[in-house]
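**Q** I have a structure here, written as structure tokens, and I will follow up with some questions on it.
The values are calculated or read from the model by the stated rules, or taken from the named source; none is laboratory data. Keep in mind that what you see is a predicted model, and the values were worked out from it rather than measured. Positions of Cβ are generated from backbone atoms using ideal geometry, with glycine treated the same way; all protein chains shown enter the neighbour counts.
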Amino acid sequence: MLVMDFCTFYYNRGASAGGGLYFSGSSATLSHLTFSTNYAAAGGGAYLTTGAVLLVGYAFESNTGSVGLDLFAHSSSALTLESSCDSDTYNYGRNLLECSGCSVPF
């Protein structure tokens, strides 16, 4: 299990997917992360390909890509989004999530 807390992914570039973060694994808890000014063709901020991912307290800012500007979740991933912040202390980005058939409980 991958656990990340209070990390910033800034000004990264992915060859094809996951400019800031590319995750392929069994499970992850990602808390209080910031994805800013990252680029990849798919998932400029982050690309999730397999496994169960819990994303808590996050910010997406100025990420770019062809699909899933901020976050792309592949069909074989299960994504849970939780916000532990007040609505004015984070943002969801321009195109927070593109989910290709994945399970996304809110």
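**Q** Of the residues that make up the stretch 19-29, is at least one in contact with an Asp or Glu (Cβ under 7 Å, 6 or more places away or on another chain), surrounded by fewer than 16 Cβ atoms within 10 Å (Cβ to Cβ) and in a strand (DSSP E or B)?
**A** no
**Q** For the stretch 47-106, which positions are assigned to a loop (DSSP other than H, G, I, E, B), aliphatic (A, V, I, L, M) and at pLDDT 80 or above?
**A** 69 - this is the single residue of the stretch 47-106 that is assigned to a loop (DSSP other than H, G, I, E, B), aliphatic (A, V, I, L, M) and at pLDDT 80 or above.
**Q** Filtering the stretch 33-46 down to residues that are outside any strand (DSSP E or B) and either within 10 Å of the chain's Cα centre (by Cα) or β-branched (Val, Ile, Thr) (or both), which residue is nearest to residue 11 (Cα to Cα)?
**A** Per the criteria, the residue is 37.
**Q** Can I ask one more? Scan the stretch 51-80 for residues that are farther than 18 Å from residue 10 by Cβ and surrounded by fewer than 17 Cβ atoms within 10 Å (Cβ to Cβ) and report the count.
**A** 9
**Q** Which residues, taken from the stretch 1-30, are out of contact with any His (no Cβ under 9 Å at 6 or more places or on another chain) and closer than 16 Å to residue 61 by Cα?
**A** 8, 9, 10, 11, 12, 13, 18, 19, 20, 21, listed by residue number.
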